1. Would you confirm, using the coordinates I've provided, whether residue 175 is open to solvent by 40 Å² or more (accessible area, probe 1.4 Å) and in contact with a Cys (Cβ under 7 Å, 6 or more places away or on another chain)?
2. I'd like to check something: does segment 163-184 contain any residue that is within 15 Å of residue 334 (Cβ to Cβ), touching a residue at least 24 places away in the same chain (Cβ under 8 Å), more than 15 Å from the ligand (Cβ to nearest atom) and not in a strand (DSSP E or B)?
3. Going by what's in this entry, would residue 138 be described as part of a loop (DSSP other than H, G, I, E, B), crowded, with 24+ Cβ neighbours inside 10 Å and within 16 Å of the ligand (Cβ to nearest atom)?
4. Take the residues of segment 301-339 that are surrounded by 24 or more Cβ atoms within 10 Å (Cβ to Cβ) and part of a strand (DSSP E or B): which is farthest from the ligand (Cβ to nearest atom)?
5. Restricting attention to segment 12-46, which residues are in a loop (DSSP other than H, G, I, E, B), more than 11 Å from the ligand (Cβ to nearest atom) and more than 22 Å from residue 162 (Cβ to Cβ)?
6. For residue 197, which of the numbered conditions (1) within 26 Å of residue 86 (Cα to Cα); (2) open to solvent by 10 Å² or more (accessible area, probe 1.4 Å) fails to hold?
7. Which ones in segment 168-185 are in contact with a Gly (Cβ under 7 Å, 6 or more places away or on another chain) and under 23 Å from residue 84 (Cβ atoms)?
8. Output the qualifying pairs, or none if there are none: Cβ atoms under 7 angstrom, residues six or more apart or on different chains, first residue in segment 286-298 and open to solvent by 60 Å² or more (accessible area, probe 1.4 Å), second residue modelled with pLDDT of 95 or more and not in a loop (DSSP other than H, G, I, E, B).
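The values are calculated or read from the model by the stated rules, or taken from the named source; none is laboratory data. What you see is a predicted model; the values in this text were computed from it and never measured. All Cβ positions, even for glycine, are placed from backbone atoms using ideal geometry, and neighbour counts span all protein chains on display. The protein model used for the area step is the full one, side chains on, heavy atoms only, and it has no ligands, DNA or RNA in it. Shrake-Rupley method; radii C 1.70, N 1.55, O 1.52, S 1.80 Å.
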Amino acid sequence: MTIKISGTGSALPEKILTNKDLEQMVETSDAWISERTGIKERHIAKGSFAYGRSHEAPQSRRGLPQAELEGREESVASLSAEACRRALADAGRTAEEVDLILLATCSPEMLLPCSACQVQSAIGAKNAVAFDINAACSGFLFALQTAHAYIVSGMYRNALIIGAEVLSKIVDWEDRGTCVLFGDGAGAVFVEASEDDHTGILSMTAGSDGSRGGVLYCRERSVDYADIFEDQGIHICMNGGEVYKFAVRQVPDCIEKALAKIDLAPGDIDQFVLHQANLRIIEAIAKRLHVGMEHFPYNVDRVGNTSSAAIPLLLDELNKSGRIQKGQLLVLSGFGAGLTYGACVVRW
Ligand code: COA
C-alpha cells in the first residue's frame, strides 16, 4: 500500500515585491539578483516590514479571541487555511473528512498553539489530529513522508499536508545577501491511501546533518534572547556559498538513491519538482543528473524561495495548469536548514 496526492491548493499574499522595489531598500540591482538567483519578484504578506507597515497583534493574558487564532490576514495560518480549502475542493473532499493535518513551517505566528491547530479551527476539520513539523525547506517533504508512514500503518486514512511561510517576518531587510532571496506563501495537498501500489509515492529518501546547522539559522526571537545575543541572529543568517555547495552535491545524490531503490534512472522521470531556492541551483542539479532543464519546471522567478511552501506551491501550479498528466513520474526533492534533504518518487 502507498499514498497518492488527490488534490492540491495554494495561496499567495497579494503584494508583489519586485527586484526594482528592492533596489530602493538595499544596495542591489535587478541584474545582480536575476543573474545570481533567477528571482524577479516575490510575494510579501501584510504586516511585514517590507510591506510598509508594522502590525500590532492584540494580546491578552486570559486568552485570545478564536478569530485571532485562526490567523490574521496573510498569516501562516490564514494562507494555509486558504490553500487547504482549495486542496479539499480539488480532491472533492470536505474538511470533516480529514483525519490528519501536518503543517510544515519555520515561521509560525504563534509558538503555542501550533499553526496546524489554527488551520484546523479555520477550516472546520473537527475530526482531525493536527500538528506542525519544522525541517525548514525540507519540511513539506518530511511531512509528506510522515503522512505516508501514518496512513500505510493504518492509523489514519488521509491527511492534509501543508507547507507555509511568512519569511518576510524573519528576514533582515537590511541584509542584501539574504533579503533578496525569500518570499511568502502556502501550498497544500490532500493525500489518501492508494490501493494501487503503482500510483502515488513509490520511493523515498531523507537525511539530516545537524553538524552543519550553523550555515543557515535564525534564533528564536523572544525579547530576553535578543538582549542576551545583542540582536545577533534573530533574522535569517546564511553562508550562501556553503548552502549552494551542499545543495548541488546532496540533492542529486538523494534523488539517485530514491530512484535506484525502484530501479529507475533520472532519464525516466517526466518532471523534477525541486525546492525552489535559486534557479542556478536547479540548473546545477539538472546538469549533475544529466537531464535537460525542460524536465525542471520552476516558479522561483515569480515567488522567490518560500522554504517549506515551495514544493506544494509549484505542484499546485503544475496541477491546475494541466502540466502534470496522470501516469507521469515525478521526483519531489527538498533541501535546506538543518541541514536537511530528501526526495520522493511519485507516479501521478
Ligand atoms: N546585490 C548586490 N550584491 C550582492 C548582493 C545583492 N543582493 N548580495 C551579495 N552581494 C555581493 C557580495 O557582498 C559580494 O561582494 P564582494 O565581492 O564585494 O564581497 C558579491 O556580491 C559576491 O557575493 P557572493 O556571496 O560570493 O555571491 P554568490 O555568487 O555566492 O551568490 C548567493 C550569492 C546567495 C546567490 C549564492 O551563494 C546562493 O545561491 N547560495 C544558496 C542560497 C540559498 O539558496 N539558500 C537557501 C537554501 S534553502
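1. Details: open to solvent by 40 Å² or more (accessible area, probe 1.4 Å): yes; in contact with a Cys (Cβ under 7 Å, 6 or more places away or on another chain): no.
When the stated conditions are applied, residue 175 does not pass them.
2. Within segment 163-184, none of the residues are within 15 Å of residue 334 (Cβ to Cβ), touching a residue at least 24 places away in the same chain (Cβ under 8 Å), more than 15 Å from the ligand (Cβ to nearest atom) and not in a strand (DSSP E or B).
3. On the way: part of a loop (DSSP other than H, G, I, E, B): no; crowded, with 24+ Cβ neighbours inside 10 Å: yes; within 16 Å of the ligand (Cβ to nearest atom): yes.
Here the answer is no, as residue 138 does not meet what is asked.
4. Among them, the one singled out is 331.
5. Pass one, segment 12-46, residues in a loop (DSSP other than H, G, I, E, B): 12-14, 24-29, 38-40, 45-46.
Restricting the remaining residues to those that are more than 11 Å from the ligand (Cβ to nearest atom) gives 12-14, 24, 40, 45-46.
Passing the criteria: 24, 40.
6. Among (1) within 26 Å of residue 86 (Cα to Cα); (2) open to solvent by 10 Å² or more (accessible area, probe 1.4 Å), residue 197 violates only (1).
7. Pass one, segment 168-185, residues in contact with a Gly (Cβ under 7 Å, 6 or more places away or on another chain): 177, 181-183.
Result: 182, 183.
8. Listed by first residue and then by second, the contacts come to 288/248; 288/252; 290/266; 293/283; 293/286; 298/279; 298/282.
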